[in-house]
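Take a look at the structure below.
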Amino acid sequence: MSRPELKNFRRIVVKVGSSLLIDSAAGEVRAKWLAALAADIAKLHADGRDVLVVSSGSIALGRSRLKLPRGPLKLEESQAAAAVGQIALARIWSEVLGHHGIGAGQILVTLQDTEERRRYLNARSTIGKLLEWRAVPVINENDTVATNEIRYGDNDRLAARVATMASADLLVLLSDIDGLYTAPPGANPDAKLIPIVDSVTAEIEGMAGAAESELSRGGMYTKIEAAKIATTAGTHMIIASGKVEHPLQKIADGGLCTWFLTPANPVTARKRWIAGSLEPKGTLTIDAGAVAALRAGKSLLPAGVIKVEGDFARGDAVIVRGPDTHEIGRGLVAYDADNAEKIKGRSSPDVMIILGISGRAEMIHRDDLVISGSRS
Ligand code: GLU
C-alpha cells in the first residue's frame, strides 16, 4: 500500500511525549515548540478535522515544579508529582489551544476505564460530545490514582486505546525519533528508516529497541505495541519526530516518518469487534419501520422496540430481531434491561419523562450497531 495523506483523515489523535513537551534541563515547557504544534492542530481543526491530544508530562512537570532531585521516583512519589504537574499541564494546553479559539477538555483515564465496557462507553460519549462541540480533548493517564499493577505507565499504548475508543482513523505518535528503524539507530549507523509498515510482523517487533530517553518511559517497544492495538482496530498510526517545529505540518508535507497501515477502516473493525467478540446478553425485537431504518444506516430508537428480553446492562451486546424474529444485527445497548423495558415503544420526549433524566436518544447508536449481512 502507498503512503496515505494527512488531509484524508477525519479524526486524528496526536500523542505528545514528555521529552518533547518538557525541556529536561530547565524543567519547563518548551513554549515556542508547543505554540507551533498548537498552530498545526488549529489548522487541522479549522479544516473540519476532529483532533484529540494525548499529552504526557504530568510527572516531569510536577517533578520540576516541586524541585525534586533527579533519579527514579517511587510510585507514590510519581503519583504526587503527577498531581502537581497535571494541573500545570492542563493549564498549558488550555492556553495554547485557547489562543486559537479552541476549547480544551481534560480527560484523565485509568486502565480500567478503557478495558471495562461500560466505563469505556461512558468515556467515549464524553469524548464524542467534546468533539461535537468542537473542543479538543486533552487526555492523560490518571497517574495520581493508578496503581503499579493496573496502569498503562506509558502513553503510547494509552493513546492507541484512546484512538480506538474514539473511532479515530489516525494516531500520530510524536516522539524524539522520526520513525521505526531497521535497528536502534543510536548504536547502528547503517540502520534505515522504514517508511511504511503494512503489518506488524515478528520481524518488525524485533526491530524495536529499549527506551532511550530518561523522560519518556515509552521507547520503541511500546510504540510497536501501540501500532498493534491501533492497526488491529482499524486505525492507521504514524511515528514521527516531534523534534522539529510544526511536526504535523511536516507530516502533511510528506516529511520522513513511519506509517503503520491498517487493513480495515475504523467502522468495519469496530463493528467486527461488536459482531464477533462479545457474548450477547439479551434480545431486542423491533418493528418493521425500525428494521427499515436500521437497514438504511440509522440508529435504533426506543420507539421502534417492541420486546425486550434478557438481563443486560448498559453497554452489553444484544441481538436485534425483526418482528418475524429474524436476526437483523447486533449492537451495544445504551440502557440496562429494566430501563429498556420501561422506554420501549416510547418517543424520545417520553423517555425523558419516564426515566427522569435526559438519557441517550438512541437505544443502540448506529456506531454501536452491526447489521447482519451488511459489510459496513
Ligand atoms: N502519564 C505520564 C505523564 O504524564 C507519562 C507516561 C509516558 O511518558 O508515556 O507523566
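The values are calculated or read from the model by the stated rules, or taken from the named source; none is laboratory data. Everything quoted here is computed from the prediction, not taken from an experiment. We place every Cβ from the backbone using ideal geometry, glycine too, and count neighbours over all the protein chains shown.
Summary of computed values
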read-out: Residue, surrounded by the most Cβ atoms within 10 Å (Cβ to Cβ), within segment 101-141, restricted to residues that are part of a loop (DSSP other than H, G, I, E, B) and touching a Leu at 6+ places or on another chain (Cβ under 9 Å); value: 135
read-out: Among (1) within 16 Å of the ligand (Cβ to nearest atom); (2) in contact with a helix residue (DSSP H, G or I) (Cβ under 8 Å, 6 or more places away or on another chain); (3) not polar (S, T, N, Q), the one test that residue 23 misses; value: (2)
read-out: Residue within segment 50-57 that is crowded, with 18+ Cβ neighbours inside 10 Å, closer than 24 Å to residue 230 by Cβ, touching a strand residue (DSSP E or B) at 6+ places or on another chain (Cβ under 9 Å) and of a type in the set (S, T, N, Q) present; value: yes
read-out: Strands (runs of 3 or more DSSP E) (entirely within segment 297-371) containing at least 2 residues that are within 29 Å of the chain's Cα centre (by Cα) and surrounded by 15 or more Cβ atoms within 10 Å (Cβ to Cβ); value: 317-321, 327-332, 369-371
read-out: Residue within segment 31-45 that is under 25 Å from residue 223 (Cα atoms), buried (at least 22 other Cβ atoms within 10 Å of the Cβ), within 13 Å of the ligand (Cβ to nearest atom) and not acidic (Asp, Glu) present; value: no
read-out: Hits in segment 122-171 (condition: modelled with pLDDT of 85 or more, hydroxyl-bearing (Ser, Thr, Tyr) and over 13 Å from the mean Cα position of the chain (by Cα)); value: 144
read-out: Contacts under 7 angstrom Cβ, first residue in segment 139-167 being more than 12 Å from the ligand (Cβ to nearest atom), partner part of a loop (DSSP other than H, G, I, E, B) and modelled with pLDDT under 85, 6 or more apart; value: 164/233
read-out: Count - residues of segment 46-105 that are of a type in the set (A, V, I, L, M, F, W, C) and away from the ligand (no atom under 16 Å from the Cβ); value: 5
read-out: Residues within segment 203-249 that are part of a loop (DSSP other than H, G, I, E, B), hydroxyl-bearing (Ser, Thr, Tyr) and either under 19 Å from residue 192 (Cβ atoms) or at pLDDT 80 or above (or both), tallied; value: 1
read-out: Filter result for residue 97 (surrounded by 14 or more Cβ atoms within 10 Å (Cβ to Cβ), more than 22 Å from residue 176 (Cα to Cα) and at pLDDT 95 or above); value: yes
